[in-house]
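Novice: Dumping the structure here so I can ask a few things about it.
The values are calculated or read from the model by the stated rules, or taken from the named source; none is laboratory data. As the structure is a prediction and not an experimental result, all values here were calculated from the model. Note that each Cβ is placed from the backbone with ideal geometry, even for glycine, and that neighbours are counted across all protein chains shown.
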């Protein structure tokens, strides 16, 4: 029997090391689904929503290097888009199979017809439609190469009828992925880099995700030039651990210490980061930026020297050219300041809150304490992100995934699905907001179907917490941010997942411990303080003014009790920024 295009697709995925396809089967995808069934060498993961499948694939791709999701014609592949945007902006190598209506119906406004080229153009680096069997294998090979080497999404549009046609032999080599090349600046540019560092009296290093494989090099550089090391959220797990010069994060979720070290320096070295928040970057000092994607250099700050290359290779070339500095006064001052900041942010850990008003900072500190040394965390966008950023510590073995660039809600739970399937021997903990979890609640059923040992910790503050904060610092009374008190533990139990609810800090610690010890999936519904706010590391006058105006408006609207509750819940934070 002749091989079908769908079988050829499955074989090429297998040859490339892909182990599963996240999808909802149906009509135009049925040939692919059947090819997976008959292969026996690749799994079909039946998600409940294609967006969850795209997020799961993106998580697996970040951890393992390449992954695949699929959506059937029309609504099926349209549902992929939010997760694919997130994957593409995060640099996750994902193959997306966008199955379409029969090729003979193109251009006739047929049932579920979409233009996949237009649809996926903005969230992919490779995006084609295979309308004949002879096109397909080379298109598929190009998709694999683009996703793997350009670190993003590659989309293959595949009509359902073409998937069932007889395959044509390919002249392309499937799964031919060359190893990583050494990428560093020229010797002359490295010497310029070294001269600038050698002449600097106060150097600060700021690291992003591009430092993922360069921890030891960053530490060696910082030690040699006596520089404090700050980092972005995506860089935290790869830079913070075993780093005596680290001074924390900056940005909206970060701490004053990293901000302070960057503002006080005369030379800032940006390593592998495309940090978007320009207000947190200094404007008075010289800046050197190193990135494997030279096109991003200089778009966030006025860079004195821009260099293309990987962080690891660049630092290895730079270190022999540097003079070892003896003066460590600047470094010691920044480390002393950081020690005070770390002590200050423990106020809501040492004071864990009250009944149904548990401090989320305390909850996250307990998770950090009880989690495995090699746990993989996923964090929802919003307040869960803030607590994860500030209270989850790196160990050198832990990973943290989130929607850090796209900033979408509802990412933590589906990313945990992908992480659990990719790394079955590691502990997977999802920090979920009640708003985020509600969006894709149906995929709890996916977790149960495959008995994935995911631990879901729900920060149930009965509100869209980050939106509430945004409105308040903007001088607006929060409006339509409240949510009902949903019993997520009961929902989990109804789906066959072990559920726990915590109303007090003591119950929270006990429930988290029991959930982590549970075989298979578990969910902990924790009633956290809805008025807990995450103050930025540098509060501006306009932000403080906006907060005050917001409180005044709420009082005039008869919300005096709520204003008092907000101030009582955050008096330590507010006192620290005024």
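Novice: Determine, yes or no, whether residue 214 is assigned by TED's automatic domain parsing to the domain that holds residue 247, touching a residue at least 40 places away in the same chain (Cβ under 8 Å) and buried (at least 17 other Cβ atoms within 10 Å of the Cβ).
Specialist: Working: assigned by TED's automatic domain parsing to the domain that holds residue 247: yes; touching a residue at least 40 places away in the same chain (Cβ under 8 Å): yes; buried (at least 17 other Cβ atoms within 10 Å of the Cβ): yes.
Yes; evaluated as a whole, the condition is true for this residue.
Novice: Output the residue which, of all residues in region 92-111 that are buried (at least 19 other Cβ atoms within 10 Å of the Cβ) and part of a loop (DSSP other than H, G, I, E, B), is modelled with the lowest pLDDT.
Specialist: Going through region 92-111, the residues buried (at least 19 other Cβ atoms within 10 Å of the Cβ) turn out to be 92-101.
Next, from what is left, pick out any that are part of a loop (DSSP other than H, G, I, E, B): 92-93, 101.
Values: 92: 97, 93: 98, 101: 90.
Per the stated criteria, the residue is 101.
Novice: Turning to a different aspect of this structure: Looking at region 140-169, which of the residues that are under 33 Å from the mean Cα position of the chain (by Cα) and surrounded by fewer than 18 Cβ atoms within 10 Å (Cβ to Cβ) is modelled with the highest pLDDT?
Specialist: Top of the filtered list is 142.
Results for (1) within 17 Å of residue 99 (Cβ to Cβ); (2) in contact (Cβ under 8 Å) with a residue 12 or more places away in the chain, shown as yes or no for each residue.
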position	(1), (2)
121	no, no
133	yes, yes
146	no, yes
151	no, yes
167	yes, yes
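Novice: Oh, and also: Restricting to region 1-16, name every residue that is in contact with a helix residue (DSSP H, G or I) (Cβ under 9 Å, 6 or more places away or on another chain) and farther than 14 Å from residue 140 by Cα.
Specialist: 3, 4
Novice: Of 336, 434, 425, which residue is assigned by TED's automatic domain parsing to the domain that holds residue 515 and surrounded by fewer than 24 Cβ atoms within 10 Å (Cβ to Cβ)? Before the answer, list the steps.
Specialist: On the way: 336 fails: assigned by TED's automatic domain parsing to the domain that holds residue 515; 434 fails: surrounded by fewer than 24 Cβ atoms within 10 Å (Cβ to Cβ).
Of 336, 434, 425, the one residue that is assigned by TED's automatic domain parsing to the domain that holds residue 515 and surrounded by fewer than 24 Cβ atoms within 10 Å (Cβ to Cβ) is 425.
Novice: Only one of these is within 27 Å of residue 69 (Cα to Cα) and in a helix (DSSP H, G or I): 513, 435, 520. Name it.
Specialist: Details: 513 fails: within 27 Å of residue 69 (Cα to Cα); 520 fails: in a helix (DSSP H, G or I).
Going through 513, 435, 520 in turn, the sole match is 435.
Novice: Of the residues that sit in region 399-420 and are surrounded by fewer than 24 Cβ atoms within 10 Å (Cβ to Cβ) and in contact (Cβ under 8 Å) with a residue 40 or more places away in the chain, which one is farthest from residue 216 (Cα to Cα)?
Specialist: Pass one, region 399-420, residues surrounded by fewer than 24 Cβ atoms within 10 Å (Cβ to Cβ): 399-400, 404-409.
Subset that is in contact (Cβ under 8 Å) with a residue 40 or more places away in the chain: 399-400, 404-406, 408.
On the way: 399: 17, 400: 19, 404: 24, 405: 26, 406: 29, 408: 32 Å.
The extreme case among them is 408.
Novice: Additional query: Which one of the conditions (1) out of contact with any helix residue (DSSP H, G or I) (no Cβ under 6 Å at 6 or more places or on another chain); (2) on the phi > 0 side of the Ramachandran plot does residue 382 fail to meet, given that it meets all the rest?
Specialist: Result: residue 382 passes all but (1).
Novice: Looking at region 10-55 only, could you name the residues that are within 27 Å of residue 179 (Cα to Cα) and out of contact with any strand residue (DSSP E or B) (no Cβ under 7 Å at 6 or more places or on another chain)?
Specialist: Within region 10-55, 10, 11, 12, 14, 15, 16, 17, 41, 55 qualify.
Novice: A further question on this structure: Sort out for me the helices (runs of 4 or more DSSP H) sitting completely within region 252-353 that have 2 or more residues that are without any contact (Cβ under 8 Å) to a residue 24 or more places away in the chain and either touching a strand residue (DSSP E or B) at 6+ places or on another chain (Cβ under 7 Å) or under 30 Å from residue 383 (Cβ atoms) (or both). Can you show your working first?
Specialist: Values: elements: 256-264, 311-318, 329-344, 347-350.
Per the criteria, 329-344.
Novice: Test residue 226 against the criterion of being surrounded by fewer than 24 Cβ atoms within 10 Å (Cβ to Cβ) and on the phi > 0 side of the Ramachandran plot, and give yes or no. Step through it out loud before you land on a result.
Specialist: On the way: surrounded by fewer than 24 Cβ atoms within 10 Å (Cβ to Cβ): yes; on the phi > 0 side of the Ramachandran plot: yes.
The answer is yes for residue 226.
Novice: While we're here: Which members of region 1-29 meet the condition of being more than 14 Å from residue 133 (Cβ to Cβ), outside any loop (DSSP other than H, G, I, E, B) and more than 32 Å from the chain's Cα centre (by Cα)?
Specialist: 27
Novice: If we scan region 45-61, do we find a residue that is over 22 Å from the mean Cα position of the chain (by Cα) and either part of a loop (DSSP other than H, G, I, E, B) or over 18 Å from residue 146 (Cβ atoms) (or both)?
Specialist: Taking region 45-61 first, the residues over 22 Å from the mean Cα position of the chain (by Cα) are 46.
Cutting the leftovers down to either part of a loop (DSSP other than H, G, I, E, B) or over 18 Å from residue 146 (Cβ atoms) (or both) gives us 46.
Among the residues of region 45-61, at least one is over 22 Å from the mean Cα position of the chain (by Cα) and either part of a loop (DSSP other than H, G, I, E, B) or over 18 Å from residue 146 (Cβ atoms) (or both), which makes the answer yes.
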